[in-house]
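Accompanying notes for the structure given below.
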Amino acid sequence: MTAAVKKAVVTGHPVAHSRSPLIHGYWLKKFGVDGEYGCLDVAPEDADRFFRDFSESGLTGANVTVPHKEIAAAACGWLDEAAKVMGAVNTIWLDDDGRLCGANTDWTGFLGNLDQRASGWDDDAGTAIVLGAGGAARAIVFALLSRKFKAVHIVNRTPGKASRIAEEFGPRTFAHSWDNLGTLLEEADLLVNTTSLGMTSKPSLEIDLSSLPESALVTDAVYVPLQTGLLKQADQRGNRTVDGLGMLLHQAVPGFERWFGVRPEVDDDLRALIVRDLGGAT
Ligand code: ATR
């Protein structure tokens, strides 16, 4: 008897745009793993049932994307520490007892990207400015606190959302409105955009970087386009920059290892493959 081929999917709504099948497909081929990875669109009204009955799906595991990250977390019988804090999962699997388990790897994706592309970026771990207060911001605040940043300032259009994150994450986090940004930038060692501004088809991120020290690192969670307006502007004034694609690539690593038993690497060929798929936008 041959063992069943392990199969995983990315599930969300919509999900056809997801680059996860390309990423996992690359690794399946590279490591010669006899597995499959596809896309599964689950309508919001079916999501709760889908995750609660996951053990009957025939799947080994899944990546979970918008808008199902919270509903999937609620269906899990076990969550890792980050998923508990964020109330959201992006990676799920079944344990030996058929129990649905969930992890949030967006924060390790953020760290893996900067560790790979901006070595020494957290040596001084001073002051970080995070623009936005959605799910990506929560993961990034969690990541920065894990690397001992002394102050993480969350700047958001809706101040109440930033305040909620700051209250939850404790004394090293501070909430602000956009009005404070100019002053905050003077102290920044790291500036991160987690808003949807600057994304293709969204409004651009209009921001005055003149008070930002030249030594600060600037990064963007947006990766379509790869070279966002923020990164271009930062680059032109001499700041070190890192685009957001690596966060997507690195967040995929733990899922692949969990489902298929091999820890993959984010290498140049994988990055080039996804950049080509994005239309070579740089
Ligand atoms: P994600 O989970 O991917 O982080 P999200 O929860 O939709 O996405 O969060 C998007 C972020 O972009 C939010 O911080 C949002 O600000 P609000 O909390 O005020 O909605 C921010 N954002 C989106 N459009 C914006 C705009 N036009 N101006 C300023 N901020 C914007």
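Considered as a group, the residues in the stretch 1-21 that are polar (S, T, N, Q) and modelled with pLDDT of 95 or more include one that is most open to solvent (accessible area, probe 1.4 Å), and that residue is 18. When residues in the stretch 118-139 are screened for being surrounded by 18 or more Cβ atoms within 10 Å (Cβ to Cβ) and over 16 Å from residue 81 (Cβ atoms), 12 of them pass.
Scanning the stretch 133-149 for residues that are away from the ligand (no atom under 16 Å from the Cβ) and farther than 12 Å from residue 188 by Cβ, we see that the one that is modelled with the lowest pLDDT is 148.
Where helices (runs of 4 or more DSSP H) fall entirely within the stretch 194-282, those with at least 1 residues that are within 16 Å of the ligand (Cβ to nearest atom) are at 229-236, 245-251. Please verify whether residue 191 is more than 14 Å from the ligand (Cβ to nearest atom), assigned to a loop (DSSP other than H, G, I, E, B) and either open to solvent by less than 20 Å² (accessible area, probe 1.4 Å) or basic (Lys, Arg) (or both), treating the condition exactly as stated. In short, no. The one condition from (1) surrounded by fewer than 17 Cβ atoms within 10 Å (Cβ to Cβ); (2) in contact with a strand residue (DSSP E or B) (Cβ under 6 Å, 6 or more places away or on another chain) that residue 97 does not meet is (2). Residues that are modelled with pLDDT under 95 and hydroxyl-bearing (Ser, Thr, Tyr) within the stretch 151-199 are absent altogether.
Collect the residues in the stretch 248-279 that are under 26 Å from residue 4 (Cβ atoms) and open to solvent by 50 Å² or more (accessible area, probe 1.4 Å), keeping them in residue-number order. 257, 258, 261, 263 - these are the residues of the stretch 248-279 that are under 26 Å from residue 4 (Cβ atoms) and open to solvent by 50 Å² or more (accessible area, probe 1.4 Å).
All conditions in (1) closer than 30 Å to residue 54 by Cα; (2) away from the ligand (no atom under 16 Å from the Cβ); (3) aliphatic (A, V, I, L, M) hold for residue 118, with the sole exception of (1). Screening residue 181 against (1) buried (at least 18 other Cβ atoms within 10 Å of the Cβ); (2) assigned to a helix (DSSP H, G or I); (3) within 20 Å of the chain's Cα centre (by Cα) leaves a single unmet condition, (3).
This table checks each residue for (1) in contact (Cβ under 8 Å) with a residue 60 or more places away in the chain; (2) under 21 Å from residue 133 (Cβ atoms); (3) in a loop (DSSP other than H, G, I, E, B); (4) not β-branched (Val, Ile, Thr).
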| position | (1), (2), (3), (4) |
| --- | --- |
| 29 | no, no, no, yes |
| 32 | no, no, yes, yes |
| 36 | no, no, no, yes |
| 46 | no, no, no, yes |
| 67 | no, yes, yes, yes |
| 97 | no, no, yes, yes |
| 102 | no, no, no, yes |
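Taken over the stretch 50-85, the criterion of being of a type in the set (Ser, Thr, Tyr) and away from the ligand (no atom under 15 Å from the Cβ) is satisfied by 55, 57, 60. Residue 198 falls short on exactly one of the conditions (1) more than 16 Å from residue 127 (Cβ to Cβ); (2) open to solvent by 70 Å² or more (accessible area, probe 1.4 Å), and that condition is (2).
Across the stretch 150-167, the qualifying residues are those that are within 18 Å of residue 85 (Cβ to Cβ) and either in contact (Cβ under 8 Å) with a residue 12 or more places away in the chain or open to solvent by less than 10 Å² (accessible area, probe 1.4 Å) (or both), and the one among them that is nearest to the ligand (Cβ to nearest atom) is 161.
Hey, does the stretch 22-37 have a residue that's loosely packed, with under 15 Cβ neighbours inside 10 Å and within 16 Å of the ligand (Cβ to nearest atom)? Taking every residue of the stretch 22-37 in turn, none turns out to be loosely packed, with under 15 Cβ neighbours inside 10 Å and within 16 Å of the ligand (Cβ to nearest atom). In this structure, does residue 181 turn out to be over 22 Å from residue 107 (Cβ atoms) and touching a Leu at 6+ places or on another chain (Cβ under 6 Å)? No, not satisfied. When residue 171 is tested against (1) in a helix (DSSP H, G or I); (2) open to solvent by 70 Å² or more (accessible area, probe 1.4 Å); (3) not aliphatic (A, V, I, L, M), just one condition goes unmet, and that condition is (1).
The values are calculated or read from the model by the stated rules, or taken from the named source; none is laboratory data. Quick caveat: nothing in here was measured; it's all calculated off a predicted structure. Note that each Cβ is placed from the backbone with ideal geometry, even for glycine, and that neighbours are counted across all protein chains shown. For the accessible areas, the whole protein counts, side chains as well, though only heavy atoms, and no ligand, DNA or RNA atoms are used. Shrake-Rupley method; radii C 1.70, N 1.55, O 1.52, S 1.80 Å.
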